1. Is region 137-154 home to any residue that is surrounded by fewer than 19 Cβ atoms within 10 Å (Cβ to Cβ) and aromatic (Phe, Trp, Tyr)?
2. When you scan region 236-323 for helices (runs of 4 or more DSSP H) that lie fully inside it, which ones turn up with 2 or more residues that are among the acidic types (Asp, Glu) and either within 16 Å of the ligand (Cβ to nearest atom) or under 22 Å from the mean Cα position of the chain (by Cα) (or both)?
3. Have a look at Ser124, Ser176 and point out the one that is surrounded by fewer than 23 Cβ atoms within 10 Å (Cβ to Cβ), touching a residue at least 24 places away in the same chain (Cβ under 8 Å) and of a type in the set (Gly, Ala, Ser).
4. Return a yes/no flag: does region 46-63 have any residue that is among the charged types (D, E, K, R), buried (at least 18 other Cβ atoms within 10 Å of the Cβ), away from the ligand (no atom under 16 Å from the Cβ) and modelled with pLDDT of 95 or more.
5. Could you list, ordered by first residue, the pairs with Cβ atoms under 8 Å in which the first is in region 139-158 and more than 17 Å from Ser275 (Cβ to Cβ) and the second is part of a loop (DSSP other than H, G, I, E, B) and within 14 Å of the ligand (Cβ to nearest atom), at least 6 apart or interchain?
Amino acid sequence: MNLKGKHYITTQDWNDDELQFLMETAHELKQQFKNDEPHLHLPHKTLFMMFFEQSTRTRNSMEAGMTQLGGHAHFLSPDKLQLDHGETVLDTGRVLARYGHGIAIRNCDWGQGNKFMRAIAEISNVPLINLQCDLYHPCQAAADLMTIQEEFNGEVKGRKIAVSWTYAPSYVRPISVPHSEILMMSRAGMEVVLAHPPEFKLNPDILAQTKANAEKSGGSFEIVDNMDAAFEGAHVVYPKSWGCLIHEPDREAAVSHIEKYPDWICDERRMALASPEAIYMHPLPATRGQEVTDAVIDGPQSRVWDQAENRLHTGKAIMSLTM
Ligand code: CP
């Protein structure tokens with residue numbers, strides 16, 4: 001399978017065979033990393049990474065990943081480019097594409113981030129990797145599927161995942177993680193249950209894609225307004241906060257909606273509602289004491305550090321295959 005030059009903007013752009021190949025490559029790269037075997041798939045290649053927001057996992061996993069593959073990743077932010085002086089995004093993309101072998105972007109600006117990426121992808125002759133936009137976080141979804149596959153020895157189909165909104169009023173988080181999560185896990189044939197208070201609806205088009213994915217894969221998709229109901233019997237719980245950007249795009253006004261639901265927290269009582277073999281997942285950073293208790297995130301069911309580690313292996317797989 002040749003994926004060289006293919007953009008990775010949403011998992012929906014890749015067919016089932018391509019996603020399976022991506023996961024197989026990530027598992028293989030993880031083994032090579034653990035065995036300290038060389039895997040220099042991208043010698044002397046360059047990835048340009050444009051970050052419009054902060055990052056711990058995404059930046060460092062991709063940067064370390066490129067080094068381990070024999071290449072180099074440049075970290076760029078708007079103040080390090082001429083964007084701040086008015087050079088257009090497209091002109092910036094045209095220039096960077098001439099210098100390297102891939103462009104990766106994080107831009108979560110609501111209503112703009114995905115458009116920005118698609119515009120650069122349109123004019124770029126090198127692959128574009130989405131490091132999170134306003135709609136999708138496909139790199140996170142790949143790492144999460146890998147973590148679930150590892151936990152259940154590849155037997156993912158038919159397992160229940162509860163993707164739930166949580167309380168965290170300190171700032172309005174993007175809705176890209178729950179979007180990519182429900183899209184990816186419905187592709188994998190999981191029983192996906194999405195839970196949120198009424199103001200925190202997801203994008204209707206993405207909900208429709210998730211429903212179609214579930215019908216095709218033999219999984220299922222349900223939306224509830226109750227965190228306890230979502231957790232009942234779940235094999236994977238994925239509680240995280242997101243903003244009510246569809247209901248209220250104004251970020252200051254949106255905080256007042258978050259403040260209404262302080263009881264939407266993942267605690268030991270809720271974990272007990274899930275299957276005894278359930279795992280707790282979160283893409284991080286998690287807000288302790290609001291989204292999740294210390295007892296859960298530091299407890300035996302937590303897999304957050306495996307998830308974070310798998311960002312490295314899946315990120316390397318995406319770069320190796322597309323670049
Ligand atoms: N999960 C994730 O994308 O983390 P960062 O925001 O730290 O990159």
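1. Yes: one or more hits.
2. Values: elements: 251-258, 268-273, 294-297, 304-322.
Because the criterion is at least 2 residues that are among the acidic types (Asp, Glu) and either within 16 Å of the ligand (Cβ to nearest atom) or under 22 Å from the mean Cα position of the chain (by Cα) (or both), the helices (runs of 4 or more DSSP H) in region 236-323 that meet it are 304-322.
3. On the way: Ser176 fails: surrounded by fewer than 23 Cβ atoms within 10 Å (Cβ to Cβ).
It is Ser124.
4. Within region 46-63, not a single residue is among the charged types (D, E, K, R), buried (at least 18 other Cβ atoms within 10 Å of the Cβ), away from the ligand (no atom under 16 Å from the Cβ) and modelled with pLDDT of 95 or more.
5. Matching pairs, first to second residue: Gln140/Pro283; Asp144/Met281; Asp144/Pro283.
Let's see how each residue does on (1) more than 24 Å from the chain's Cα centre (by Cα); (2) under 12 Å from Met50 (Cα atoms); (3) assigned by TED's automatic domain parsing to the domain that holds Phe51:
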| position | (1), (2), (3) |
| --- | --- |
| Phe75 | no, yes, yes |
| Pro78 | no, yes, yes |
| His85 | yes, no, yes |
| Arg98 | yes, no, yes |
| Arg106 | no, yes, yes |
| Asp109 | no, no, yes |
| Gln112 | no, no, yes |
| Ala121 | no, no, yes |
| Gln132 | no, yes, yes |
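To keep it simple, each residue is scored yes or no on (1) under 23 Å from Glu28 (Cα atoms); (2) out of contact with any helix residue (DSSP H, G or I) (no Cβ under 8 Å at 6 or more places or on another chain); (3) aromatic (Phe, Trp, Tyr); (4) more than 16 Å from the ligand (Cβ to nearest atom).
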position: Leu135; (1), (2), (3), (4): no, no, no, no
position: Ala141; (1), (2), (3), (4): yes, no, no, no
position: Asp144; (1), (2), (3), (4): yes, no, no, no
position: Phe152; (1), (2), (3), (4): yes, yes, yes, yes
position: Gly158; (1), (2), (3), (4): no, yes, no, yes
position: Trp165; (1), (2), (3), (4): no, no, yes, yes
position: Val177; (1), (2), (3), (4): no, no, no, no
position: Ser180; (1), (2), (3), (4): no, no, no, no
position: Leu194; (1), (2), (3), (4): no, no, no, yes
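Conditions (1) aliphatic (A, V, I, L, M); (2) assigned to a loop (DSSP other than H, G, I, E, B); (3) without any contact (Cβ under 8 Å) to a residue 60 or more places away in the chain, marked per residue:
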| residue | (1), (2), (3) |
| --- | --- |
| Gly5 | no, yes, no |
| Ala64 | yes, no, no |
| Phe75 | no, no, yes |
| Asp79 | no, no, yes |
| Leu96 | yes, no, yes |
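The values are calculated or read from the model by the stated rules, or taken from the named source; none is laboratory data. Predicted model only: the values in this text are computed from it and were never measured. Here Cβ is always computed from backbone atoms with ideal geometry, including for glycine, and neighbour counts include all displayed protein chains.
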